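Encoded as structure tokens, the structure appears first; notes follow it.
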Amino acid sequence: MTITDADTTAAPVPTQSPYHSTYQHRVADYWNAEENAVNLELGKIDDLYHHHYGVGGVDWAVLDEDHGGSEVDPVRRRDRITAELHRLEQAQADLLAGRLGPLSPADRVLDAGCGRGGGSVVAHLRYGCRADGVTISGKQADFANEQARKRSIDDRVRYHHLDMLGTGFPSGAFAASWNNESTMYVELDLLFAEHARLLRRGGRYVTITGCYNDAYGRASREVSLINAHYICDIHPRSEYFRAMARNRLVPVHVQDLTADAIPYWQLRKQADHLVTGIEDTFLTAYENGSFQYLLIAADRV
Ligand code: SAH
């Protein structure tokens, strides 16, 4: 067989598949299909789309929204609940971003498991840094890139359809990196090895994650239900510290956010227009002590 020049030019450039297992295909299917109001309606408020939960105290007055002192206006009540949940999710994004610094516009940061991209925008707006988000969902990456274009920050904030366990980005190129609720989709040793490779010496890694509580024992029924709901595999608290220690990530700040996470779920449970059905499971898991919400910040040494 002869291959002509024309054929050679037309041959597609081989691209590395972002998928390294059948499991990752299924996770991508989940996120490609995901259209939950709790993500889209909240994001629409200010075009910051988050796929994580929220922290801090709730303004419970949003439930008693009354119109002119007489009747409750259901539409306004709904909007106020939506806005309040978004405020709490935004507070979580800000809490995480605050632990990444100090950073300057010369720095580059990595948002591992970036969802529809809100976290990268938050970091960029705060520090002026370049941000790269990676997600196993091609649809999310496209959505997030479109958002960045609309904001005219697409030269500084870019999203990629990639496996965070093997991004192909240059070693030591990043001043900071994070996972906001995305560590439960991967083996921690593989994940932290990739963060350690990508971060420069002295770089900062931050995660906010649900984990199961070793002091409770093994994974509870509720933890197993959460795993089944999201197709994920929640790790025990201990595993985070073991895997970080094995990968040159030294914790500098650990915060138990469990108590701070509960009000968000209490409010969300009452938001009939936004519930996904997992609200009671989260509340029980936190309240029976089997599940914890943690922030861990670590230095890459
Ligand atoms: N960090 C985001 C999204 C959290 S949802 C936020 O805070 O809004 C979990 C995300 O992890 C989804 O975007 C999903 O696509 C991503 N994810 C799961 N496994 C992944 C993998 N192996 N590589 C990259 N992203 C992954």
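Among residues of the range 177-203 being within 12 Å of the ligand (Cβ to nearest atom) and acidic (D, E), the one that is farthest from N227 (Cα to Cα) is E194. Residue count for the range 95-134, restricted to those that are modelled with pLDDT under 95 and assigned to a helix (DSSP H, G or I): 0. Look at the range 102-119: where a residue is closer than 20 Å to D47 by Cβ and a partner is among the charged types (D, E, K, R), sitting 6+ places away or on another chain with Cβ atoms under 6 Å, you get G119/D111. Is it the case that V55 is β-branched (V, I, T), in contact with a strand residue (DSSP E or B) (Cβ under 9 Å, 6 or more places away or on another chain) and more than 28 Å from V254 (Cα to Cα)? When the stated conditions are applied, V55 does not pass them. Counting residues in the range 177-186 that are surrounded by fewer than 18 Cβ atoms within 10 Å (Cβ to Cβ) and out of contact with any helix residue (DSSP H, G or I) (no Cβ under 7 Å at 6 or more places or on another chain) gives zero. Among the residues of the range 224-251, the ones that are touching a Cys at 6+ places or on another chain (Cβ under 9 Å) and in contact (Cβ under 8 Å) with a residue 40 or more places away in the chain come to 6 in all.
Within the range 162-176, if we keep just the residues that are more than 8 Å from the ligand (Cβ to nearest atom) and within 21 Å of A28 (Cβ to Cβ), the residue that is surrounded by the fewest Cβ atoms within 10 Å (Cβ to Cβ) turns out to be G168.
Kindly indicate whether any position in the range 210-217 is among the charged types (D, E, K, R) and assigned to a helix (DSSP H, G or I). No, the range 210-217 contains no residue that is among the charged types (D, E, K, R) and assigned to a helix (DSSP H, G or I). Reported count of residues in the range 114-138, each being on the phi > 0 side of the Ramachandran plot, more than 9 Å from the ligand (Cβ to nearest atom) and crowded, with 21+ Cβ neighbours inside 10 Å, is 0.
Among the residues here, T276 qualifies as over 25 Å from A97 (Cβ atoms) and under 18 Å from the mean Cα position of the chain (by Cα).
Checking the range 139-149 against the condition returns no match, with no residue being in a strand (DSSP E or B), more than 9 Å from the ligand (Cβ to nearest atom), in contact (Cβ under 8 Å) with a residue 24 or more places away in the chain and of a type in the set (F, W, Y).
Cβ-Cβ distances below 6 Å connect the following pairs, each with a first residue in the range 164-175 that is of a type outside the set (K, R), a second residue that is within 12 Å of the ligand (Cβ to nearest atom) and part of a loop (DSSP other than H, G, I, E, B), and a separation of six or more residues or different chains: M164/G113; L165/V186.
Residue check, A245 against (1) under 20 Å from F192 (Cα atoms); (2) among the aliphatic types (A, V, I, L, M); (3) surrounded by 15 or more Cβ atoms within 10 Å (Cβ to Cβ), all met but one. Which one? It is condition (3) that A245 fails. Only one of the numbered conditions (1) within 14 Å of the ligand (Cβ to nearest atom); (2) closer than 19 Å to S137 by Cα is violated by R158, and that is (1).
In the range 269-277, the count of residues that are of a type in the set (S, T, N, Q) and part of a strand (DSSP E or B) is zero.
The values are calculated or read from the model by the stated rules, or taken from the named source; none is laboratory data. What you are looking at is a predicted structure, and each value in this text was computed from that prediction instead of being measured. Cβ: placed from backbone, ideal geometry, glycine included. Neighbour counts: every protein chain shown.
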